[in-house]
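The values are calculated or read from the model by the stated rules, or taken from the named source; none is laboratory data. Keep in mind that this is a model prediction, so the values were computed, not measured. As a convention, Cβ positions derive from the backbone with ideal geometry for all residues, glycine included, and neighbour counts pool all protein chains shown.
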Amino acid sequence: MSQIQTRNPATGEVLETYEVMGEQEVFAKIDSAHEAFLDWRSKSHEERAPYLRKIAGVLRDNSERFSELMTREMGKLLRDGKTEVELCARLFEYAADKGPEELADQERTHSGGKKRGIVTFSPIGVIYSVQPWNFPLYQPVRVLAANLIAGNSVILKHASICTGSGLLLRDLCEEAGLPKGLFDVIIVGHDLSDKVIEHKLIRAVTMTGSDGAGSHIGELASKNLKKTVLELGSNDAYLVLEDADIETAVKTCVMGRLYNNGETCVSAKRFIVTDAVYDEFVSAFVERMKGVTMGDPTKDDTQLGPLSSKEQFDTIVEQVSKSIDQGATLLCGGDPADDAGCYYPATVLADCKPGMPAYDDELFGPVASVIRAKDDEDAMRIANDSRYGLGGGIFTKDEDKAVRLARDHFDTGMVRINSFGAADPNMPFGGVKDSGYGREHGGFGMKEFVNAKAIFLPS
């Protein structure tokens, strides 16, 4: 059997070694998940809800433990880990509180209003959840909470670098009283993962990750006639319009670029600044980025921790170097120290043009790409000049104008106005174009993997 190791990106220390599972063990877990589903589906939404509330409580009780593990496995700031645990507790509570209403049977009419009908949202079975490392708890939980209240069971394949986080989540769910088998974790490589997708008892697949991986999984699932939800990468544009409050824009954009060490799909990544305010914004933005404190992610005064792995570090180094070689201007950062940790400084690139990684691709780290626009209309054009469409932002003093631009012109799934944030339980989360499809949160995720079943009554 092969093995995987988890490693602390701040120190290079090996944390744990895990055995990769074989096909027989994995398929046995799928069988168990199906058996657990057969019992779970017979419970009402109101009967399922207390289990989710109990999980929320157990997560809060283990906040310090889970936060420390995430910091050790992928370098997350310890305080950000605690915030993540609280968000996940709220997601379980949201599903428990709102699920019975969102998933309740609907009374309808048919035959021109002469006869009654019922629409019921029935669970479908075992859901395969493939999740990344950047939010080791949140990524699995947003799938798990929604599907548990809907009546499904879940099998998780977590990113190898945060294997411990996936296993701890499973253990805490069972500690909270969740029946065994309803949520389990498999430790597998890509080849066996493909066989899981093809397994007859897997009814749907949800995945968060790169657009390349999403394309592969989506194609394989589609070939096997299985529904997917894909939340993929992005290159979110934040527009600084001619009438923007520059102080607010600078402060928010720095936070939006550096949150979670810059390793967030909905991070602010491209900063499209109108000519009228370009010099003022860039000068203040660079000064703030230069002042960022990088260091030990467990320390309260640290603003930027290490990247998640040596692989991710090398990717960022290559993307920045290639962009500079192609004409981008380095305004700050871009000079990582040669030491054991995967630390990359807060970096700003200007003069970013099409064809550069800093313009076209997702830079999953603390690197900001600044792009000059002629005016507000040009800024919106540049924002949409991307194969991605997950999130974005608009800075302007005219809120009505921002809403019009967001609603009618911004080709993306989520738009922030004069603000930055990652996710909220009561608002839909998801994107368009190469950022994927399907929605999570806000009640939408609860209905992605259910059978909207029509029942026709005779009168």
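Hey, any hits in region 297-304 for a residue that's in contact with a Phe, Trp or Tyr (Cβ under 9 Å, 6 or more places away or on another chain) and within 24 Å of residue 136 (Cα to Cα)?
Filtering region 297-304 for residues in contact with a Phe, Trp or Tyr (Cβ under 9 Å, 6 or more places away or on another chain) gives 304.
Filter once more, so that each one left must be within 24 Å of residue 136 (Cα to Cα): 304.
Yes.
Condition (residue is out of contact with any strand residue (DSSP E or B) (no Cβ under 8 Å at 6 or more places or on another chain), touching a residue at least 24 places away in the same chain (Cβ under 8 Å) and in a helix (DSSP H, G or I)) applied to region 126-134: is it met by at least one residue?
No: region 126-134 contains no residue that is out of contact with any strand residue (DSSP E or B) (no Cβ under 8 Å at 6 or more places or on another chain), touching a residue at least 24 places away in the same chain (Cβ under 8 Å) and in a helix (DSSP H, G or I).
Hand me the list of strands (runs of 3 or more DSSP E) wholly inside region 220-287 holding 1 or more residues that are among the basic types (Lys, Arg).
Those strands (runs of 3 or more DSSP E) span 227-231, 270-274.
Go through 372, 407 for me and flag whichever is more than 18 Å from residue 285 (Cβ to Cβ), at pLDDT 95 or above and either of a type in the set (A, V, I, L, M, F, W, C) or not in a loop (DSSP other than H, G, I, E, B) (or both).
407 is the lone residue from the list that is more than 18 Å from residue 285 (Cβ to Cβ), at pLDDT 95 or above and either of a type in the set (A, V, I, L, M, F, W, C) or not in a loop (DSSP other than H, G, I, E, B) (or both).
This table checks each residue for (1) without any contact (Cβ under 8 Å) to a residue 12 or more places away in the chain; (2) of a type in the set (D, E, K, R); (3) over 24 Å from residue 275 (Cα atoms); (4) out of contact with any Gly (no Cβ under 7 Å at 6 or more places or on another chain).
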| site | (1), (2), (3), (4) |
| --- | --- |
| 313 | no, no, yes, yes |
| 338 | yes, yes, yes, yes |
| 344 | no, no, yes, no |
| 365 | no, no, yes, no |
| 369 | no, no, no, yes |
| 375 | no, yes, no, yes |
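Go through 210, 267 for me and flag whichever is surrounded by fewer than 21 Cβ atoms within 10 Å (Cβ to Cβ), under 19 Å from residue 138 (Cα atoms) and either β-branched (Val, Ile, Thr) or touching an Asp or Glu at 6+ places or on another chain (Cβ under 9 Å) (or both).
None of the others qualify; the one that does is 210.
Of the residues that sit in region 242-253 and are crowded, with 24+ Cβ neighbours inside 10 Å and in contact with a Lys or Arg (Cβ under 8 Å, 6 or more places away or on another chain), which one is farthest from residue 375 (Cα to Cα)?
Ranking the candidates gives 250 first.
Would region 103-120 turn up any residue that is crowded, with 18+ Cβ neighbours inside 10 Å and either at pLDDT below 95 or of a type outside the set (A, V, I, L, M) (or both)? Give the derivation first.
Keep residues of region 103-120 that are crowded, with 18+ Cβ neighbours inside 10 Å, which gives 103.
Remaining after also requiring either at pLDDT below 95 or of a type outside the set (A, V, I, L, M) (or both): none.
For region 103-120, residues crowded, with 18+ Cβ neighbours inside 10 Å and either at pLDDT below 95 or of a type outside the set (A, V, I, L, M) (or both): absent.
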